[in-house]
1. Within region 71-120, count every residue that is more than 26 Å from L50 (Cβ to Cβ) and either modelled with pLDDT under 90 or surrounded by 11 or more Cβ atoms within 10 Å (Cβ to Cβ) (or both).
2. Enumerate the pairs (first residue in region 115-137 and in a loop (DSSP other than H, G, I, E, B); second residue anywhere and at pLDDT below 90 and surrounded by fewer than 10 Cβ atoms within 10 Å (Cβ to Cβ)) with beta-carbon separation below 6 Å, excluding pairs fewer than 6 apart on the same chain, so at least 6 apart or on different chains.
Amino acid sequence: MDKFEGLDEAFETVSEIVPAETQMKKPPIKADKDDVQDDYEYARSNLYLLVDKGQEAINGALDLAMSSDHPRAYEVAGQLIKNVGDVADKLMALQKDKKAVKEEKAKGPTNVTNALFVGSTADLQKMLKDASKKKDK
């Protein structure tokens, strides 16, 4: 006998046990796309959703504050406005972070401190002699 059978009868519902494998499926990892671009797009879309939901919450909180004239309602509305502003700042920071990551990937070594000559000592002496002659002229 199922321990929820009495509840199912009382609420006129049907319970079903779902196997653990089918409950949560992780999205497949894309190996052929740029991870930075994927993460950027995901974070950006989430931040936009947060701003939209925050705007809705602000509108509701302001309506409630105006209708009730309660100081706590105005305080909550002010906090919501601040939080939505912070999320907008995070959007700008996300842009800067993406540019920094792209520049870091594209940037190669700028200074070569160890030069290496490949050749015989006779070739090196000849090259140095030619360089000193050019310098003297």
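The values are calculated or read from the model by the stated rules, or taken from the named source; none is laboratory data. These figures come from a predicted structure and were not determined experimentally. Cβ sites come from the backbone with ideal geometry, for glycine too, and all protein chains shown count toward neighbours.
1. First, the residues of region 71-120 that are more than 26 Å from L50 (Cβ to Cβ): 71, 103-120.
Remaining after also requiring either modelled with pLDDT under 90 or surrounded by 11 or more Cβ atoms within 10 Å (Cβ to Cβ) (or both): 103-120.
Summing the residues that are more than 26 Å from L50 (Cβ to Cβ) and either modelled with pLDDT under 90 or surrounded by 11 or more Cβ atoms within 10 Å (Cβ to Cβ) (or both) in region 71-120 gives 18.
2. Going by the 6 Å Cβ cut-off, there are no qualifying pairs.
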